[in-house]
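Have a look at the structure below, then the notes.
Nothing in this text is a laboratory measurement; each read-out follows from the coordinates by a stated rule. Worth saying up front: this structure is predicted, and the values here are computed from it rather than measured. No Cβ is skipped: glycine too gets one built from the backbone with ideal geometry, and neighbour counts run over all protein chains shown.
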Amino acid sequence: MRKLRWLVAFTAVLLIAAACGGDDDTDGTTGEGEGGGTGAAGEAAAFTLAGAPRAAEADALNGFLAVYNEATGSDIDYVGTADFEVQLRVRVEGGDPPDIAFTPQPASICEFADTGQLASLEDMGFDIAEMEANHSKFWMDLGVCEDGNHYGIPWFPNFKSVVFYNAPAFEAGGYEIPETYDDMVALSEQMVADGQTPWCFGFESGGATGWPGTDWIEDILLRQSGPDVYTQWYNHEIPFNDPAVVSAFDTFGEILLGEGFVLGGAENVSGINFQDSPLPLFDEPPGCLMLKQGSFVTNFFPTDAADDLILTFPFPTVDGNGGAMGGGDTIIVFNDSPANVQAIQDWITPEWQCVLASPSGGTASERGGHGIAGIERLPGHKDVDPACYETEASQQFAEVITEALESNTFAFDASDLMPSAVGQGSFWVGMVDFASGTPAQEVVDAVEASWPDG
């Protein structure tokens, strides 16, 4: 597969400076890395882990937990929920929260912590300085709530500033990798003129329908207006309908609303599931030639596809500015029994993240992997060996992720940092409306009106 050396540049353009940290290899004080799976009293952990991934990704998580259970005597399984964030709130408000959950939306963490629902890392005995050193202070700070304590435990991240493309079709058409956004628009126009459909999109995701469109706005705004404006935006230091945001929507519209640019038409992308959106890339002839999605979308690629069929290029510069943006899953703890805490401390170590990384654990894992073909998860700890991965692409992503975690240069998806009413609500709805033809100004005005007071 094409070398992803461009990813090395990510660490020079992300948002936050070098991390604070300790000198130890451990994250906590209750035996992390020993694979104990039991608390101080020797009780084995037994609970159902709650999260969003389903289908093969859920199978991989249960495969990982099966290895962990066998090694530690624990009894833990995983259940994924389509409308996870909504259902999690229903359970919490109904007095029946899961023991442990992991969320892709850090903005929701303090909503639970500030009402006394979550256990803090300080109370569970985690060493915060070591956590900041191993998992990045930026990511750790996303879980700092009103009382100044930490409530989020970084688990595994993803990259979103990636465009996947059909390599044979590019070669046959003589198409060059675009370096700028204008180049990408011009390339799309050329493909249409050649009788090709440039882009695949898929916005459907159950109760989260619309989120793939937010990634485009974030990547464009980060480049078009810079990291300071990007940070001001998700902190609501500038309004959601600031002219810079309108400009980002209009720039996105050059692709999404371009004549003949989108397979099936922009007005229909909200009915295409994001997991299915890569599949036309693999058709013969391909139904589309490009797809912007996070690194995790490879989990939905056909398992029998040739390794060199679909390659990647970085989301291009805008007005000469680069950038990188990603998301990630963060563990939150409702039941902090000693056995539960020990399990979490095990899971975030390099040893157990290597098991989670790939079906076999690559050549680095002594315990093997999760056993589900085609599923790989990027590392949330700076010391995870890239050799834990089976594919060259994931190994190269992992190298950059671990470097970014160590240097604290991992920038988070802005919508995941906004209040849930916006980042998990009106912003998603706004992307559906925009794809359906609602003007950018109307979309951003509606999202701004939904921003909670205070």
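Using a/c under 1.5 as the rounded threshold, could you call segment 203-257 rounded, prolate or oblate? The axes a ≥ b ≥ c are square roots of the C-alpha gyration tensor eigenvalues, and prolate needs a/b larger than b/c, oblate otherwise. Can you show the working numbers first?
On the way: a/c = 2.17, a/b = 1.41, b/c = 1.53.
Taking the square roots of the gyration eigenvalues as a ≥ b ≥ c, segment 203-257 is oblate.
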TODO: Could you please tell me the mean projected area of the C-alpha convex hull for segment 304-352, averaged over all directions and given in square nanometres to one decimal?
DONE: 7.4
Task: Helical contribution to [θ] at 222 nm, DSSP H n ≥ 4, -39,500 (n - 2.57), averaged over the chain, rounded to 500 - done: -11000 deg cm²/dmol
- [ ] Could you tell me what % of all Cα pairs in segment 351-453 have separations over 19 Å?
- [x] 58
Task: Measure of compaction for segment 210-321 (Cα Rg per 2.2 N^0.38 Å) - done: 1.20
Open item on the list: Sequence gap at least 6, Cα distance under 8 Å: using those rules, report the relative contact order of the chain to the nearest whole percent.
Closed with: 28
TODO: Provide the net charge surrounding E406, with neighbours chosen by a C-beta distance below 12 Å and charges set as Lys +1, Arg +1, Asp -1, Glu -1.
DONE: -2
Task: Debye-sum result for segment 81-130 in log10 I(q)/I(0), which assumes one identical scatterer on each alpha carbon, at q = 0.17 Å⁻¹ - done: -0.57
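Over all directions, average the projected area of the Cα convex hull of segment 52-175 and note it in nm².
Details: hull surface 45.7 nm².
Result: 11.4 nm².
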- [ ] Post the alpha-carbon centroid distance, segment 314-363 to segment 207-276, in whole angstrom.
- [x] 25
Task: 5 Å-binned pair-distance histogram of segment 319-403 (Cα, whole percent) - done: 3, 15, 22, 21, 16, 11, 7, 3, 2, 1, 0
Open item on the list: Can you tell me the mean projection area, over all orientations, of the convex hull of segment 38-98's alpha carbons? Units nm², please.
Closed with: 4.7
Open item on the list: Please report the net charge: other residues with Cβ closer than 13 Å to the Cβ of I375, K and R +1, D and E -1.
Closed with: -2
Open item on the list: Could you work out the relative contact order of segment 289-436? I mean the mean sequence separation of Cα pairs under 8 Å and 6+ apart, divided by the number of residues, in percent.
Closed with: 19
Task: Rg over Rh, two decimals, segment 154-270 (C-alpha only, Kirkwood Rh) - done: 0.99
Open item on the list: Sorting check: for 351-361, 302-312, 246-256, which peptide has the highest mean count of neighbouring beta carbons within 10 Å, and how do the rest follow?
Closed with: 351-361, 246-256, 302-312
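Any idea what the relative contact order of segment 372-439 is, in percent, if you count C-alpha pairs under 8 Å spaced at least 6 apart? Intermediate results must be reported in sequence, preceding the final value.
Numbers: 40 pairs, mean separation 14.8, N = 68.
After rounding, I find 22 percent.
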Task: Relative pair counts by distance (%), Cα atoms of the chain, 10 Å bins - done: 4, 21, 33, 27, 12, 3, 0
- [ ] Determine the distance separating the Cα centre of segment 65-141 from the Cα centre of segment 285-306; give it in Å without decimals.
- [x] 30
Open item on the list: Can you give me the Kirkwood hydrodynamic radius for segment 262-403, using every pair of distinct Cα atoms, in Å to one decimal?
Closed with: 17.4
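So for each of 93-104, 422-433, 145-156 I average, over its residues, the number of other beta carbons within 10 Å; can you give me the resulting order with the highest mean first? List each step's numbers first, then the result.
Numbers: 93-104: 17.8, 422-433: 22.6, 145-156: 19.8.
Top of the packing list down: 422-433, 145-156, 93-104.
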